[in-house]
Each structure stands twice: as structure tokens, then as C-alpha cells.
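Working notes for the structure below.
Computed from the coordinates by the stated procedures, all read-outs in this text should not be read as laboratory data. These numbers were taken from a predicted model, which means no experiment stands behind them. As a convention, Cβ positions derive from the backbone with ideal geometry for all residues, glycine included, and neighbour counts pool all protein chains shown.
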Amino acid sequence: MLTPKETLANEIYQALGCPEEPTKSALDSLIDPPKSADLGDLTFACFTLAKTLRKAPQAIASDLKAALERQNAGYQKIDAVGGYLNVTLSDKQKSKELYQIVAAGDNYGRSEIGAGKTAVLDFSSPNIAKPFHIGHLGSTAIGHSLQRIHKFCGYKTVSVNHLGDWGTQFGRLIVAYRRWGSKEAIEQGGVDALGEIYRRFYEEADKDPSLNDEAREAFAAMEAGDEESIRLWQWFKDLSLAEFKRTYALLDLDFDSWAGESFYNDKMSAVIDELKEKGLLTESDGAMVVDLSEEKMPPCIILKSDGSTIYATRDITAAIYRHNTYHFDKCIYVTDAGQSLHFRQWFAVIGKMGYDWADKLIHVPYGKLSINGARLASRTGNVILLRDLFADAIERVKQITLERNPSLEDIDAVARAVGVGAVVFHQLSTSKIKDISFDPEEALNFDGNTGPYVQYTYARTQSVLEKANLPLSAPETALSFCAQEQELFSVLTRFSSVVQKALAESEPSVIARYALELCQSYNRFYQNCPVLKAEGDLKSQRLNFCAATGTTLKNCLWLLGISAPRSI
């Protein structure tokens, strides 16, 4: 069954004479609810047709208005205003659309934009043997949401956790372990214990710089395949992954690939040889680099002066491997904005190597995160661990819930869903590129524009439906919407456009802000339009509003990587 939006797109397509361009799907993407409910229920922007049809947008809108009126499509009103075709649905059409949202359920808002395409998403990527702290929250939450948005829009997705599991830091850690660690202490303390000896290395190296030389030698032994060094490295890695996966479980997050930097160790030499064969490597102060002066960027270092590889070497190698393995249509990297130059550099190198898929590499940067203005740094211990943050949020929610609803079943599960959701929503409700000074008190504020507010509103819709205990169906008689119903209807029918905007802009905050707007509109409806006390078709229609809102909020929360408990 077609939605009114799809029906209007078909009618416009037929009115245009069924052209090859634009296609029906392209026309559908130009139809949205208008900015003001006074203008109608759907609006079609004619501006993109002006060049093709060689007509002014206003003339196109007027022609389409006349064509739709000839078709007798049953709309309540059709207007051509300022290059826009505005359509007001009939009561019957609106009632039908409202019930279609209910009937679609988890599929409401889904699209096939990405059908047959693959999106690889590289995100989270914590460093082995270091604390999994809130500095990783941005990449983890944004990447998880973008993965779900792509799935929702029909893409096959491949999630990659490109672990920081190689580099000179492991030389430091091995030296630190041999000097100040023990098997028993590390087994008992896990990543925390590794973090302690790692910080001690920096403290001691400030007094004795020769420790840095010792660390470089230890890492060189690792790269040479020293069995004892590799055994320690693998042990550190296993301890870290066990810790990380406990945090990922709270987020309902898993990865299709855990291939970290070390996975590409035996693949980089072929890429370096390829760069040499294509005449792209030049010597600079002993290092081997790719000149990017034409691109107005500093050179991209491939081999350091001591012959060792660098991040760019591994990233280039990983990109080539991923394209050969997954044949992606886009490969998205979610990292902080401070790495933007790094990505522009090695993306340019991929282009210089002649790969025509270089433009499919996408960097999604996000702003810096600080704690009350102080920069995060694991070496100084200035971090808040994600597991501690989540545990604190969960405990606070549990105490609040015990006061408000002590008889609530599964209170631990609800507290977990709401506590974790509060932290994630705080991250995702702000435009990703903005810097955030993280304040736990603010993140866990359960009043106002927060995750718990969205979850509570969803739970309210489910409570109303449970109390009514009636099957949902389209009313036999279509009724006119009152002002609050019309406003809520307009917000509900924008959801698919919101998802597509979030996809196009790689911006989960678009969905978070929409969810807050929907909650506010629903709560105005709930206060002004009695549901359980209504009767007959009016009750049926208002229950559909509750169900449609619940369906849409649940889908919003899922897209953000947040659970939707039915009761709070």
C-alpha cells in the first residue's frame, strides 16, 4: 500500500509524462511536509525541474496543480505558491496515512536508498591496554548510530573496530611490565593495572630518558617477531578485549571485524612497493614520503627515518584491503576532528595511486571532548572510564525509579537501558562537530531535552495502549484532526525525511532533535486530546496517534543505539 507521499510522487511523475529523468524515486525525495502546517500536509519543490523543463518553478507548480485537479486525486486542497506545490490531504487520506505508520511498525521510515550497496564503518577503535574512557564515546556512539542509519536505509553494513594494537606504546608497556608489573597483579587488575604501569613509565622516563630507548628496542623486538614480546602483547590484547566487550555489551554493540593495526603488518610491504613502482615515494630528511604540494598539504609520511611504518601506512593498506574484501560503495571513518588533516593526506595518496574509489572514502569528524575544560589524557590519569560512567548512571536511574515506581518489574534492566541511554543521547543530541565539555551531572539530568525524556514518552504511549486494551485499526469514519492532532500528524509524517537527512549529512543529532520535537508534540496532544475517555472512531483515531508516536520514537531510539523500555 502506497503512502500519500509515494502516491503524490506517482501522480507528479504521470503529470510530467513519465520521463526518464527525474525518476519517481527522485521525485519522492523532493516531497516533504511543509515547514508550516498551515501550508498543507505535503509540499513538492519545483525548483530542480526548472532547468530540465525550461520553465519557471512557479509555472511548473501551476501546471502540476492543474494536472492533479484533472486527475481528481481526492485531495482536500492543492495550491501552487512560490514554486512549491502544496497539497492538503483529505480526512480519509490522513486517517489512512496515520494507520499505515502503525501497521508499518519497526519498518516505518525505512527505505531502499542503499539497496545493493555496502557501507564499511570504521569506529570506536580504542587502544589496547589503555582505559576505555569517555574520549572514545564520540566515535563509538556516532559510529554505532551511523551503522544503524545505513542499515535502516537498505545498505549492507560492515562494522570495523580498527583496534590500536600496534606501535611504540607496546614497547613502553613491555618495559613497564618487566620493571614494575607482575602476572598476578595484571591478571587481577586487568586494563586498570596495565594503565597504572603505563603511567608510571612516563613518570620514570621524565627522570631517566634512557627508558625511551629501551622502549624503542622492545618494540623493535616485537616487530622482529620476538616470541616473548609477542606473547606479552597478545596477553595484553586479550585482557583489553575482555574489558572492552563488557562495555560494548551495555551498548548492544558488536563488530563484524576486530582487525586492528597489527592485522596489516604483513600487508604493508606490498603497498610500499606499489608506491615505489608508481614513483610516488620521495626521500625527505631520511623519511620516505608522498609529496602533496599540488594538493596544498604537507607530505604524507609512509616510512619514518628509522624505516618503521606509521599510521598513514597502515590506513592506506587497510583501505585497499577493505575495498578488495568488501567492495564497498562508501567507507566511513569516525574520528575526532583533530585527525582531519591525516585523513585528507592519505585519502589523497589513494587518489594518486590511481584508485577510482578514492572518493568513496569519507571522514566523519566530531568535536573535542574535555572534562570541565581539562583535556583527556590516559598518561596523566585524567579520564572518566566509560564503565564507571555507565555504572553511575545506571545506579542513579535505579534510585530514581525506586522512588517513583517501586513495584516496577525488571527494574535492573530498565535502569540499565535508561542510564546508558542518557549518556549516549547526551553525546548524540549535539551536532557532532561541536566541542563538548562533558559534565556528568548535565548528562544525567532527567529533566528537559534528555534521553530519559524520550524513553519516558515512549513508555507513556505504551501505557495508554495497554490500558485501552483494544485492537488497533483504521477508524470506519475518517474524522477531521484538531489543531494538536494536525501538528502531531505533521511531525510524524516527517520521519522518513529526517532519516534521509541524517544519512546524507552523517549526523545522528538530526534524529535526536527530531525525537525531542516529536515528544513535545505528543505531550501537547496527550494533554489536550483525551484518549481513554474518547469513544468510537475518535478513540480509535487517538489510539492510532499514540501507537504511531510509539512506533516512531522506538525507531528513533534504535537508530541512536538506545533501548526503548515499555515501562519506566
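Roughly what angle does helix 91-104 make with the longest principal axis of the chain, taking Cα atoms, 0 to 90 degrees, to the nearest 10?
Value to nearest ten degrees: 30.
Compute the length gained on full extension between residue 293 and residue 277: take 0.36 nm times their separation in residues and subtract their Cα-Cα distance, giving the result in nm to one decimal. Working shown, then result.
Values: separation 16, 0.36 × 16 = 5.76 nm, distance 2.01 nm.
3.7 nm is the gain from fully extending residue 293 to residue 277.
Would you be so kind as to identify which of 310, 143, 521 lies farthest towards the positive end of the dipole of the chain, taking Lys and Arg as +1 and Asp and Glu as -1 on Cβ and the Cα centre as origin?
Of the candidates, 521 comes out farthest on the positive side.
Residue-wise, which Karplus ³J(HN,Hα) couplings in Hz belong to region 197-202, taking 6.51 cos²θ - 1.76 cosθ + 1.60, θ = phi - 60°, and x for glycine or proline?
6, 5, 5, 5, 4, 5
Give the long-range amide H neighbours of residue 364: residues separated by 5 or more places, or on another chain, with amide H under 5 Å away, using H modelled in the peptide plane at 1.01 Å from N.
Hits under the 5 Å cutoff: 333, 334, 335.
I'd like to compare 117-123, 471-477, 42-48: which one has the highest average count of other Cβ atoms within 10 Å, and what's the full order after that? All intermediate terms of the calculation are to be shown ahead of the outcome.
Details: 117-123: 24.0, 471-477: 13.1, 42-48: 20.1.
Answer by packing, highest mean first, reads 117-123, 42-48, 471-477.
Note down the Stokes-Einstein diffusion coefficient of region 248-361 in µm²/s, whole number, using a Kirkwood radius over alpha carbon pairs, 10 °C, and 1.306 mPa s.
Working: Rh = 15.1 Å.
So the translational diffusion coefficient is about 105 µm²/s.
Rounded, prolate or oblate: pick one for region 4-89, where a ≥ b ≥ c are the square roots of the eigenvalues of its C-alpha gyration tensor, a/c under 1.5 means rounded, and failing that, prolate if a/b is larger than b/c, else oblate.
Values: a/c = 1.41, a/b = 1.27, b/c = 1.11.
Because its axes are fairly even, with a/c under 1.5, region 4-89 counts as rounded.
As an exercise, find the ratio Rg/Rh for the chain from alpha-carbon atoms, using the Kirkwood inverse-distance average for Rh. Mind dumping the intermediate values first?
Values: Rg = 27.8 Å, Rh = 26.8 Å.
My calculation puts Rg/Rh at 1.04.
Within the set of other residues whose C-beta is less than 11 Å from the C-beta of residue 496, count the net charge using Lys and Arg as +1 and Asp and Glu as -1. Mind dumping the intermediate values first?
On the way: positive: 5, 110, 494, 501; negative: 6, 28, 32.
Charge balance near residue 496 sits at +1.
So for the chain: antiparallel DSSP bridges make up what percent, rounded to the nearest 5? The partial results should precede the final answer.
Numbers: 23 of 43 bridges.
Looking only at bridges with both residues in the chain, the antiparallel portion is about 55 percent.
Along the charge dipole of the chain, pointing to its positive end and built from +1/-1 on Cβ of Lys, Arg, Asp and Glu, which listed residue (353, 33, 417) has its Cα farthest out?
It is 33, whose Cα lies furthest towards the positive end.
Out of every Cα pair in region 168-250, what percent are spaced more than 14 Å from each other? Please list the in-between numbers first.
Values: 2139 of 3403 pairs.
The answer is 63 percent, as a whole percent.
Would you mind pulling out the separation of the Cα centroids of region 70-105 and region 504-568, in Å?
About 21 Å separates the Cα centre of region 70-105 from the one of region 504-568.
Ranked highest first by the average count of other Cβ atoms within 10 Å around their residues, in what order do 273-286, 551-564, 59-72 fall? Intermediate values should be presented prior to the final figure.
Values: 273-286: 12.8, 551-564: 23.6, 59-72: 16.3.
Top to bottom by mean Cβ count within 10 Å: 551-564, 59-72, 273-286.
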